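See structure below.
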Amino acid sequence: MGAEIRVHVYLWWIGSGAADHDMLGTLRRQAEQVFQVPARAWLGHDRPADSFDPRRQQHSSTRILKWLIESRPAQSTKVVGITDVDLFIPILTFVYGEAQLGGAAAVVSMARLQSDNGFRPNGAQLASRLAKECIHELGHTFGLLHCQTPRCVMARSVTLVQVDAKAPDLCHDCRIRYGEIRHQGPGHHE
Amino acid sequence: MSRERTRILIVDDEEIVRESLSAWLEKDGYTLATAQDGETAIDRVKKERWSILLVDLKMPGIDGLQVLENVRKVQPDAAAVIMTAYATVDTAVAAMKLGAYDYLVKPFDPEELSLMVQKIVAQQALVRENVLLRKVLKRDYHFRDLISKSPAMQAVFDLARTAARSNSTILVLGESGTGKELLARAIYAESPRRQGPFVAMSCAALTETLLESELFGHEKGAFTGAVARRKGTFETADGGTLFLDEIGDISAKLQLDLLRVLEGRQFTRVGGSEPVKVDVRIIAATNRDLQKAVAEGHFREDLFYRLNVIPVHLPPLRDRLEDMPLLVEHFLEQLGAEMNKQVDNVSAEAMGLLMAHTWPGNVRELRNILERAMVVATGRVIEASDLGLRRPPCIDGSPTLASLEDVERHHIGRVLHDAHGNISQAARTLGIDRATLYNKLRKYQLRKDGEPEFEENETA
């Protein structure tokens, strides 16, 4: 039983367009509420330079993660990059986001969350989807694995239907698991 | 639980593919490992158990199809998925022919990958559950080394379990090969005497004098060659159980000797005069009709009643054919372990032949036939031709129709067998006179026990 590790979460807008301050503020509050850690919305001007893949016309989430780890604010213990560009990992056609399991960085994209078979979701719906994906990826950085409860925010979601089916919170089991991880410290996520 | 037990091996020569795929699947809680080439993959498949293999088709050296071929041989239960950058019909067909679970074209749609892995995990969980349930079911069908789900045998098991707790003499009746000694051993193992010895003795194998000496022992000098005092099986079994097989075959003198032991629990060694007291539980067995032997004066009535305290009738295999699939599975497992050869099942046609056979040698004969079939079988399924059984004439549902003569020959054989070779009884059952039956036996070259005089060799 170790002491709880002090965590500062930074939510960093790294998109190509302008940041939506209200949405970032909502994300910050939700992250604080779910994980009970201090969070900050960060508006640094740096952007990952070499993440674009011209062949795929998408951005490599793995390269963004690498850049986030190198460029994150010194005070942060975890950073979530939020972007509006479409993300991929080499083996998959796209990803909503990627995180280092039990690590310091995660990235989430709004690109596929705001397109639903040609229909644009309203602002609240988009904010809700983004919040779920941010909390989901942040959960991975705390060492949480995918949950088999479809309503849990840690459930694997590869379609918008699955994203919309989730609640923006941890289920009972994941909450217990999160508590155990926080008391064990990093690196004990298995 | 399924996720923790699921072990995935990713085989790809591109490091970025290995890393990104394992990082993606790792978050589902699966155990992951990677191999950078076909050679490493084959090595890991030989050494460790895998649930799923995601294998790149094109790799330098050993390619994905060769890895797949190896997986099918070494771990046929693992699901191997081929990954390819360029899907062609040819590669897909080749992969599926080699037993690939599926193939994926790079880059994959995340939903496609997720659904496929979930499906494999669910299927493998079902297979495991099925194996577990079958084991539980089989445990219910077991009485030690005996296995049956037929109501008649279940009644035997119940009676035997109850009888095991007592000290009473048990008489096991049943045809040759029905498992009389196995039942005796099971009763012994379930009895309070299981800490004592179990001694089995076949009374048919020896001459009267030898059997007497074997049962009761002898004193030094009792007969030529008796150079030292020797304990008999009764003394050896003291405190335990003595199984006397073929009890219906013993001579009148030994019947009397045995009766005395059963009455007084003591005997004298051959050539001796000192009574020897023993505490032995007797389980006797015979394939003869002892009541008939008593009626005909061949077996002592008083001994019969002494032995027949708890009679247990083991039904012949032909009367419990519902056990055939269970017994086949049991023997394939047992023989597979003994012979270090894996055979999973018998074909539907082979099972048809097994069900149609009359099994004069009962379960022992079945085991022998399956042992032969395991030796000659080339694949993991025993085919009808591997059994070396004569095809029965078509009666019920066989693919080809038999001639009237074939049906008659088969039917006479069966009736004769059921009548234990008794011509008069068989003739009565068939509704013909004895002379006609003799003529037909000559015509069809059948012996009195219903078996043909010579076996027809069936070419494989």
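The values are calculated or read from the model by the stated rules, or taken from the named source; none is laboratory data. Worth saying up front: this structure is predicted, and the values here are computed from it rather than measured. Positions of Cβ are backbone-derived with ideal geometry, glycine not excepted, and every protein chain shown enters the neighbour counts.
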Inset, instruction - Can you tell me which residue among A:188, A:183 is at pLDDT below 95, assigned to a loop (DSSP other than H, G, I, E, B) and not acidic (Asp, Glu)? - result: A:188
Legend entry - 3 or more residues within 10 Å of another protein chain (Cβ to nearest Cβ), of a type outside the set (Val, Ile, Thr) and crowded, with 17+ Cβ neighbours inside 10 Å: qualifying strands (runs of 3 or more DSSP E) within the stretch A:38-102: none
Legend entry - Where residue B:214 falls short, out of the listed (1) free of Cβ contacts under 8 Å to residues at least 24 places away in the same chain; (2) more than 16 Å from residue B:280 (Cα to Cα): (2)
Inset, instruction - May I ask you to list pairs of residues, at least six apart or on different chains, whose Cβ atoms are under 8 Å apart, with the first in the stretch A:148-165 being over 15 Å from residue A:115 (Cα atoms) and facing chain B (nearest Cβ under 10 Å) and the second being part of a helix (DSSP H, G or I) and of a type in the set (Gly, Ala, Ser)? - result: A:154/A:139; A:156/B:114; A:157/A:165
Inset, instruction - Among the residues of the stretch B:300-345, write down those that are out of contact with any strand residue (DSSP E or B) (no Cβ under 9 Å at 6 or more places or on another chain) and among the aromatic types (Phe, Trp, Tyr). - result: B:305, B:331
Inset, instruction - Tell me, please, whether a residue that is charged (D, E, K, R) and assigned to a strand (DSSP E or B) can be found in the stretch B:215-230. - result: yes
Inset, instruction - Within the stretch B:5-21, track down each residue that is under 28 Å from residue B:126 (Cα atoms) and either in contact with a helix residue (DSSP H, G or I) (Cβ under 7 Å, 6 or more places away or on another chain) or within 10 Å of chain A (Cβ to nearest Cβ) (or both). - result: B:6, B:8, B:9, B:10, B:11, B:21
Inset, instruction - Would you check which residues across the stretch B:22-65 are within 14 Å of another protein chain (Cβ to nearest Cβ) and among the acidic types (Asp, Glu) and list them? - result: B:26, B:28, B:56
Inset, instruction - Would you tally the residues in the stretch A:103-134 being surrounded by fewer than 19 Cβ atoms within 10 Å (Cβ to Cβ) and either within 9 Å of the chain's Cα centre (by Cα) or of a type in the set (Asp, Glu) (or both)? - result: 1
Legend entry - Options B:155, B:80, B:100, B:95: the member that is touching a helix residue (DSSP H, G or I) at 6+ places or on another chain (Cβ under 9 Å) and part of a helix (DSSP H, G or I): B:95
Inset, instruction - Output the number of the condition that residue B:163 fails; it satisfies all remaining conditions of (1) away from chain A (no Cβ under 14 Å); (2) part of a helix (DSSP H, G or I); (3) surrounded by fewer than 19 Cβ atoms within 10 Å (Cβ to Cβ). - result: (3)
Inset, instruction - Just give me the residues in the stretch B:371-426 being modelled with pLDDT under 85, surrounded by 14 or more Cβ atoms within 10 Å (Cβ to Cβ) and within 23 Å of the chain's Cα centre (by Cα), in sequence order. - result: B:390, B:391, B:392
Legend entry - Some residue of the stretch A:158-172 being at pLDDT below 95, outside any loop (DSSP other than H, G, I, E, B) and touching a strand residue (DSSP E or B) at 6+ places or on another chain (Cβ under 6 Å): yes
Legend entry - Condition met for residue B:71 (assigned to a helix (DSSP H, G or I), modelled with pLDDT of 90 or more and in the same structural domain as residue B:8 (by TED's automatic domain parsing)): yes
Legend entry - Criterion (over 30 Å from residue B:267 (Cα atoms) and either among the hydrophobic types (A, V, I, L, M, F, W, C) or in the same structural domain as residue B:284 (by TED's automatic domain parsing) (or both)) met by exactly one of B:210, B:104, B:206: B:104
Inset, instruction - From (1) without any contact (Cβ under 8 Å) to a residue 24 or more places away in the chain; (2) surrounded by 17 or more Cβ atoms within 10 Å (Cβ to Cβ), pick out the condition that doesn't hold for residue B:337. - result: (2)
Legend entry - Options B:202, B:168, B:150; residue that is within 16 Å of the chain's Cα centre (by Cα) and hydroxyl-bearing (Ser, Thr, Tyr): B:150
Legend entry - Residue count for the stretch B:129-151, restricted to those that are assigned to a helix (DSSP H, G or I) and surrounded by 15 or more Cβ atoms within 10 Å (Cβ to Cβ): 1
Inset, instruction - Can you tell me which residue among B:148, B:114 is of a type in the set (Gly, Ala, Ser) and within 14 Å of another protein chain (Cβ to nearest Cβ)? - result: B:114
